[in-house]
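One structure is given below, encoded as structure tokens.
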Amino acid sequence: MECQIRPARADDAGAISRVIIAALRYSNAQDYPPDVIEEVVKHFSPEKVTELLQRRSVLVAMREDSVVATVGLEGDVVRSLFVDPRHQFQGVGRCLMAMIESQARSEGVEVLRVPSSLTAEAFYRRLGYEVVREVMQGEERTLVMQRHLGPPNP
């Protein structure tokens, strides 16, 4: 199943919020307790997503005019890659990562970092990312991963 990728717009905030919250509650709930999930959910309300759209470059993947996934880039850090649970394991996340890596490379980023959930570690490893350290924020364990992209595109 194919998807289109485009820059996120302000009017996507509600749909982006829904995708992120669905992924957190469905996928990440396998690796984190409910109280940790709900604490993270607070950071992705439509209002909070609107604020994020002003601070970072955000892409969305679309299928049949609906947002099904999102990813952001803030400097040399990948932020908030989430895929709607109904569209996971179909190549959408891989496609978004290819686009964000290309964008990062064109912006001169040689080493791209991602703060990964435990849930997404295997996904990022398949893309060539390696764990460089672990960070604990309360009960939330995050893996900081990175991948060398090489020199910028000419």
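Structural remarks
- Restricted to the stretch 116-142, and to residues there that are part of a loop (DSSP other than H, G, I, E, B) and at pLDDT 95 or above, the residue that is surrounded by the most Cβ atoms within 10 Å (Cβ to Cβ) is 129.
- Pairing each residue of the stretch 19-46 that is in a loop (DSSP other than H, G, I, E, B) with any residue that is among the acidic types (Asp, Glu), provided the two are 6+ apart or on different chains, yields C-beta distances under 7 Å for 32/140; 33/139.
- Scanning the stretch 118-125 finds no residues that are over 15 Å from residue 27 (Cβ atoms) and among the hydroxyl-bearing types (Ser, Thr, Tyr).
- In the set (1) at pLDDT below 95; (2) surrounded by fewer than 17 Cβ atoms within 10 Å (Cβ to Cβ); (3) of a type outside the set (Phe, Trp, Tyr), the condition left unmet by residue 28 is number (2).
- Number of the condition not met by residue 74 [criteria: (1) free of Cβ contacts under 8 Å to residues at least 60 places away in the same chain; (2) within 23 Å of residue 133 (Cβ to Cβ); (3) surrounded by 16 or more Cβ atoms within 10 Å (Cβ to Cβ); (4) not hydroxyl-bearing (Ser, Thr, Tyr)]: (3)
- Conditions (1) touching a Phe, Trp or Tyr at 6+ places or on another chain (Cβ under 9 Å); (2) under 25 Å from residue 38 (Cβ atoms); (3) not hydrophobic (A, V, I, L, M, F, W, C): number failed by residue 124: (1)
- Candidates in the stretch 76-92 are the residues that are of a type in the set (D, E, K, R) and not in a helix (DSSP H, G or I); of these, the one that is nearest to residue 49 (Cα to Cα) is 79.
- Subset of the stretch 97-115 (residues that are surrounded by 15 or more Cβ atoms within 10 Å (Cβ to Cβ) and either farther than 17 Å from residue 74 by Cβ or without any contact (Cβ under 8 Å) to a residue 40 or more places away in the chain (or both)): 97, 112, 113, 114, 115
The values are calculated or read from the model by the stated rules, or taken from the named source; none is laboratory data. All values derive from a computational prediction rather than experimental measurement. All Cβ positions, even for glycine, are placed from backbone atoms using ideal geometry, and neighbour counts span all protein chains on display.
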